[in-house]
Amino acid sequence: MLQEDSYHHIAINDEGLCTLCEKKKEFEKIGWDKLKSMFEERIESIRGKGEYDGLIMLSGGKDSAYLAYFLKVKYGLNLFGFIVDNNYEYEDTFENADKIAKSLDMPYVKYRQDPVLMKEYYRFLFMEKSIYQQDAGQVCAFCGRFLMYTASCFAGMMNIPTIFSGHSPDQIFLMGESIEIDEERIAFKEYVMETFYHELKKARDAWEKEKGVKALNTLFPKDIKANNVQSIFPFQYFPYKPQEMIKIVKRELNWEPIKRFSENYISSGCKLVNLWSRIAHLNNTNNYVDFEFGNQIRDGLFDREYVDDFRQTLYDKEEIERLAMEFDMPDLVNGLAGETKERKDKKAIGYLMIREVILDIVSDRIGVEKEDIGVYEDIMKNINDFSVLLKITRDMEDRFGIDNKVDNFLDSGTIHDMSLSIERYLKAKDVESVAGDGRVVMLKSSVESDTMLFCLPYAGGMTEMFEKFSEYLPDNVNVGVAIYPGVRGEGPPLETIEEIAEFYAEYLTSIEADELYVLGYCFGGYVAHHLVRILARRNRRVDGLIMVSLTPPNMKDAVYDLDFNDETYANGYMKGTMEIGEIYREITDTMSKEELKRYWRLYWKSVKTILDYKVPRETVDMPALIVTGKDEEYDFLRPEDKAWFELYPNAGFATVAGGHMLLVTHPGELANCIIENTGIGSLTT
């Protein structure tokens, strides 16, 4: 996670360990049972003391969503929601916070700060030389306390005795609010707070000199608690398990990541994160989020892939440029302009260039300067002439070589969202080198490789789900993924698993590969089961069969007892089963409306195909690896199910992190598991 960083005294040793990992030690801590008792004593002391037991700060993120659910449902507290609008939050965060409050039947208020004052305040935090830090850490240090104090003042005005906040353990420590018993830890916390109070005095003096005393105590409070209101940070009393929290709030509150970020919305929804993280990067140093994520990965709270996925969506040049201009930071604006030119010189086709092309097309068609087109405005609302929209659509299809895709992108509404969608589409298009007969997508291919991993997707046939997974496999492994007929709308799907297996048996008997492995994921596992038997009869050797998230084929009739006699029943099943929507959201949330409609139609078709499948029971003597997720949502998928031995006497078993969508959520763990258990890629090329 961290780079070498002289500012924070971090170096990487010869073994690849950073200073923090090398010196990491266990501190003396209070046991969780004791902390839980302390927490319960605190909340009982405030329960029923006012109209509300506490005010909870809602940001729309997973921490505050889970905390609201935890306090309201598990402990039965009467809560009042408090949403702070500092004018630099993504609108999605407020929509999420609003949805959370309504889901829990909790009254709330959205408290908007003075926009002019906020602009002055954040410009001061970024630009004031007396408090400037290379990692821009001063911004969050002051802002976090300011927001806590704002909530505390409001709670006092409402006669609410307590405020609850979903700060993480690392953030609680840096605010000086953590409960410590280790002497070293106590000393370090005291040092951190002394340093901060020294910076606080410099900030107050500089603000008073520049602005006068206006809003001084409000913006730069010495104490985050006001009006005898106490603050409680529950995540220091209970184990902090963010990935589990995300799963719970998705299931219980229908919480969704904000569109601005990836599926793994695990950090702030504040626009300023873009700016200060970029400043830290330009100064060749780490920022506090790097440290926090680094700690959480070391402690096993987050998977590396989870964090990497989030960080890939963090950098938004357009947002940074706009904020830098707003706060009068010309050097940063010029630096970003230079980066854009360098990208153009390299003829890269990334988000920035796509956005520029779209802006050019739109401005030309509607006759306005592109500087006057709001990147985040809904162009569908601003352009009422359908013929103009149609022309824009056709221009974009011609420019990017996209066939019948832009109509779906226009549904997203904003130029920003369209740019991201087209970027993802083009990247996928670049990755996919389709076999001549259109049956297979080659995610990795080398003429020097003698090893082939052939992958069969789950119901609905999304090939994209294998992309990240393939990156974790050795370079000398060619990775091909089956494109089931009908998946891309080019024709009707095949009717039976036998037909699908025969379709790919012909392909696999024709390819040249000294080593062949077949991977079947869920529905694809039934296809793989049939496919390897056809290949065995044709004397095509298979060096290993890998089944992921699949019930033993000879037991499917005991599991799939659904009645899919008509499409009405199927549609009702899909819409009415929360499990289905939640489990597959990792994939379906990235689809356009048309793709989603086609996907669910194929999903139903695939499930019905499983019901009709007559499983061949003959034993096949080949190495087989059966993989399930540790958090598998389907109870009937049991690790080390002995029924597999009837079909594959040489079966081995493994479990990896994640649930039914582990291929997407934990691709690295699955790839490593397969490498370790099969030896794939060990063949010398």
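Data overview
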{"item": "For region 218-227, Karplus couplings with θ = phi - 60° (6.51, -1.76, 1.60), whole Hz, Gly/Pro x", "result": "6, 7, 10, x, 6, 10, 6, 9, 10, 6"}
{"item": "Protein-only accessible surface order, largest first, of ARG355, ARG601 at 1.4 Å", "result": "ARG601, ARG355"}
{"item": "When each of LYS99/LYS119; LYS72/LYS250; LYS74/LYS241 is checked by Cα-Cα distance, pairs over 19 Å", "result": "LYS99/LYS119"}
{"item": "Å² of accessible area per residue within region 99-223, as computed with a 1.4 Å probe and no ligands counted", "result": "49 Å²"}
{"item": "Solvent-accessible surface (1.4 angstrom probe) belonging to ASP205, in square angstrom, nearest 10", "result": "70 Å²"}
{"item": "Probe 1.4 Å, all protein chains present, accessible-area order of HIS167, HIS660, largest first", "result": "HIS167, HIS660"}
{"item": "Relative contact order (%) - criterion: Cα under 8 Å, at least six apart; region: region 66-118", "result": "46 percent"}
{"item": "Relative contact order (percent, whole number), region 144-250, Cα cutoff 8 Å, 6+ residue spacing", "result": "49 percent"}
{"item": "Carbon and sulfur %, accessible surface of region 99-185 computed with the full protein complex present, 1.4 Å", "result": "51 percent"}
{"item": "Solvent-accessible area of LYS36 with every protein chain in place, 1.4 Å probe, in Å² to the nearest 10", "result": "80 Å²"}
{"item": "Relative contact order (%) - region 82-177, alpha-carbon pairs under 8 angstrom, separation at least six", "result": "22 percent"}
{"item": "Cα-centred dipole magnitude for region 88-135, charges only on beta-carbon of K, R (+1) and D, E (-1), debye, nearest 20", "result": "140 debye"}
{"item": "Ranked order, GLU640, GLU321 - accessible area, probe 1.4 Å, largest first", "result": "GLU640, GLU321"}
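The values are calculated or read from the model by the stated rules, or taken from the named source; none is laboratory data. Every value quoted in this text rests on a predicted model; they were computed, and no experiment measured them. Positions of Cβ are backbone-derived with ideal geometry, glycine not excepted, and every protein chain shown enters the neighbour counts. These accessible areas exclude ligands, DNA and RNA; they are computed on the full protein's heavy atoms, side chains included. Shrake-Rupley method; radii C 1.70, N 1.55, O 1.52, S 1.80 Å.
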